[in-house]
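J.: Dropping the structure in here first, questions after.
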Amino acid sequence: SKATLFDKGTKVTITFSDVAGLDEAKVEVMEIVDFLKNPKKYTALGGKIPKGALLVGPPGTGKTLLAKAMAGEAQVPFFSMSGSDFVELFVGVGASRVRDLFKQAREKAPCVIFIDEIDAIGRARGKNAIMSNDERESTLNQLLVEMDGFGGDSGIIVLAATNRPDVLDTALLRPGRFDRQISIDKPDLKGREAIFKVHLKPIKISSKLDIHKLAEQTPGFAGADIANVCNEAALIAARKGKETVEMEDFQDAVDRVIGGLEKKNKIISPDE
Ligand code: ATP
C-alpha cells in the first residue's frame with residue numbers, strides 16, 4: 001500500500017506454471033528456491049549461499065511474475081517495493097522504509113524480498129538520478145547495510161529488477177549483494193506461443209483460433225503485451241455480443257496494442 005510503500009509478506013499462489021517461456025531463467029531461479037528450502041545442504045560443505053540476484057530485462061517480460069513465482073514455489077511470504085516509489089521522498093524517509101522492510105522480512109523469514117526498478121535508488125553517482133543525490137544515497141546506503149546485515153543462511157533472498165544494469169552503482173554488485181544476474185529477455189516465437197497459452201486459459205476461445213499464427217503476428221511483444229491482447233480480444237468479442245472470441249477479435253486487439261505501444265514509444269523516445 002502507499003502508506004508503507006511495500007508489500008508486507010503476502011502469501012503468493014503464483015507458481016512456475018504461470019510463467020511461460022524463460023526456461024533458462026527458471027532453472028537459475030529454481031536453484032535459489034532450493035537454497036531457501038534446504039540451506040543446510042549447501043552450508044554443510046562450507047559454501048556461502050547467495051543473498052541476492054538481479055533480474056535484468058526490458059519492461060513487461062515477467063520479472064515481477066518470476067520473483068512472485070519463486071516465493072510461491074518455496075511457499076514463503078513475498079515482500080516487495082519499487083525503487084520508483086522512493087522518488088521525491090524527504091531525506092531519511094527512504095532509508096527508514098528500507099530498514100522497516102528488512103525488519104519485517106527478518107521476522108517472517110524464510111521469505112523473498114523483491115525490489116522493482118532498483119536503478120531508481122541504485123544508480124551510480126552523477127548519472128541523471130531522478131532523486132536528489134542525498135536521498136538516493138541514503139536509501140541506497142541503507143539497502144547495502146541491510147544486505148550486509150544478514151547471512152546467506154538466514155532464509156532471506158533479495159531479488160531486484162532492472163532494465164538498466166549498466167547504470168547501477170557497482171557497490172550493489174559486489175559479492176554478498178546482487179552478485180548473480182539472471183537475464184529475462186523478450187520472448188521468441190516459441191515463448192510467445194507459450195505465453196498466449198497461459199493467458200488464453202480463462203478465455204472462451206473459438207475452436208478455430210490459430211495460436212501459432214498469433215505468436216507469429218506479435219514479434220517484439222513482451223509477456224505483458226500478450227496478456228493485454230488476450231484481455232482486449234475478449235472485450236472486443238463481448239462488445240459484439242459473441243459467444244466465443246475469434247481470430248479477428250485477436251487481430252483487432254493486436255492492432256490496438258501495437259497502436260498503444262507506438263504512442264508510448266513516441267512519448268518515451270525524446271528521453272532516450
Ligand atoms: P516491469 O519491469 O515493467 O515491472 P516485469 O518484467 O516485472 O515488468 P511483470 O510485471 O512480471 O513484468 O509482467 C506483467 C504481466 O505480464 C504479468 O503479470 C503477466 O500477466 C504477463 N507476463 C509477462 N511475462 C510473462 C511470462 N513470461 N509468462 C506469462 N505471463 C507473463
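J.: Helix-only mean residue ellipticity at 222 nm, the chain, DSSP H runs n ≥ 4 weighted -39,500 (n - 2.57), per residue, nearest 500. What is it?
T.: Values: 10 runs with 125 residues, N = 272.
Theoretical 222 nm ellipticity from helices: -14500 deg cm²/dmol.
J.: Work out, step by step, the length gained on full extension between Ser207 and Arg174: first 0.36 nm times the residue separation, then minus their alpha carbon distance; give nm to one decimal. Each step should come with its number before you reach the end.
T.: Details: separation 33, 0.36 × 33 = 11.88 nm, distance 5.23 nm.
Going from the current span to full extension adds 6.6 nm.
J.: Show Arg239, Arg123 ordered by accessible area, largest first, where the area counts protein heavy atoms only and the probe is 1.4 Å. Present the calculation step by step, with values, prior to reporting the outcome.
T.: Details: Arg239 170, Arg123 35 Å².
Correct descending sequence by accessible area is Arg239, Arg123.
J.: Skip the ligands, DNA and RNA, and give the accessible area per residue of the chain with a 1.4 Å probe, whole Å².
T.: Values: 13980 Å² over 272 residues.
Per-residue value: 51 Å².
J.: Same structure, new question: Roughly how many nanometres apart are two label points built 7 Å out from the Cα toward the Cβ at Arg239 and Val167?
T.: Once both label points are built, they end up 3.6 nm from each other.
J.: Further, regarding this structure: Mind giving me the nanometre distance, one decimal, between the label points for Lys263 and Lys41, set 7 Å out from Cα along Cα→Cβ?
T.: Distance between the two pseudo-spin positions: 4.9 nm.
J.: Sorted by mean Cβ packing within 10 Å, highest first, what order do the peptides 220-227, 17-24 take? Before the final figure, lay out each step's value.
T.: Working: 220-227: 21.1, 17-24: 18.0.
Sorting 220-227, 17-24 by mean packing, highest first, produces 220-227, 17-24.
J.: A further question on this structure: Can you give me the orientation-averaged projected area of the convex hull built on the Cα atoms of the chain, in nm²? Could you put the intermediate results ahead of the total?
T.: On the way: hull surface 62.6 nm².
It is 15.7 nm².
J.: Round to the nearest 10 and report in Å² the accessible area of Val257, as given by a 1.4 Å probe over the protein chains' heavy atoms.
T.: 10
J.: I would also like to ask the following. What FRET efficiency, computed as 1/(1 + (r/R0)^6) with R0 = 45 Å and r the Cβ-Cβ distance, is obtained for Met247 and Glu31, rounded to the nearest 0.05?
T.: Numbers: r = 40 Å, r/R0 = 0.90.
Calculated transfer efficiency: 0.65.
J.: Test of understanding: what is the full-extension gain from Lys197 to Lys103, defined as 0.36 nm times their sequence separation minus their Cα-Cα distance? All intermediate terms of the calculation are to be shown ahead of the outcome.
T.: Working: separation 94, 0.36 × 94 = 33.84 nm, distance 3.95 nm.
Computed gain between Lys197 and Lys103 is 29.9 nm.
J.: Over the chain, what percent of the accessible surface lies on carbon and sulfur atoms, probe 1.4 Å?
T.: Details: 7120 of 13980 Å².
Solvent-exposed carbon and sulfur of the chain make up 51 percent of the total.
J.: Let me ask something additional. So how much slack lies between Ser84 and Phe150, counting 0.36 nm per residue of separation and subtracting their Cα-Cα distance, in nm? Kindly include the intermediate steps, with their values, before the conclusion.
T.: Numbers: separation 66, 0.36 × 66 = 23.76 nm, distance 2.48 nm.
Stretched fully, the Ser84-Phe150 segment lengthens by 21.3 nm.
J.: In addition: For Asp18 and Asn141, what is the calculated FRET efficiency with R₀ set at 45 Å and r taken between the beta-carbons, to the nearest 0.05? Working shown, then result.
T.: Details: r = 36 Å, r/R0 = 0.79.
Using R0 = 45 Å, I get an efficiency of 0.80.
J.: Right, next: Using 1/(1 + (r/R0)^6) with R0 = 45 angstrom and r between the beta carbons of Lys190 and Ala124, what's the FRET efficiency to the nearest 0.05? Before the final figure, lay out the partial values.
T.: Details: r = 37 Å, r/R0 = 0.81.
According to the calculation, E is roughly 0.80.
J.: Continuing with the same structure: Order of 178-190, 108-120 by packing, highest average Cβ count within 10 Å first?
T.: Numbers: 178-190: 17.5, 108-120: 22.5.
Going from most to least packed, we get 108-120, 178-190.
The values are calculated or read from the model by the stated rules, or taken from the named source; none is laboratory data. Note that the coordinates shown come from a computational prediction; the quantities given were computed from them, not determined experimentally. All Cβ positions, glycine included, derive from the backbone under ideal geometry; neighbour counts span all protein chains shown. Accessible surface is based on the protein model in full, side chains and every heavy atom, while ligands, DNA and RNA are left aside. Shrake-Rupley method; radii C 1.70, N 1.55, O 1.52, S 1.80 Å.
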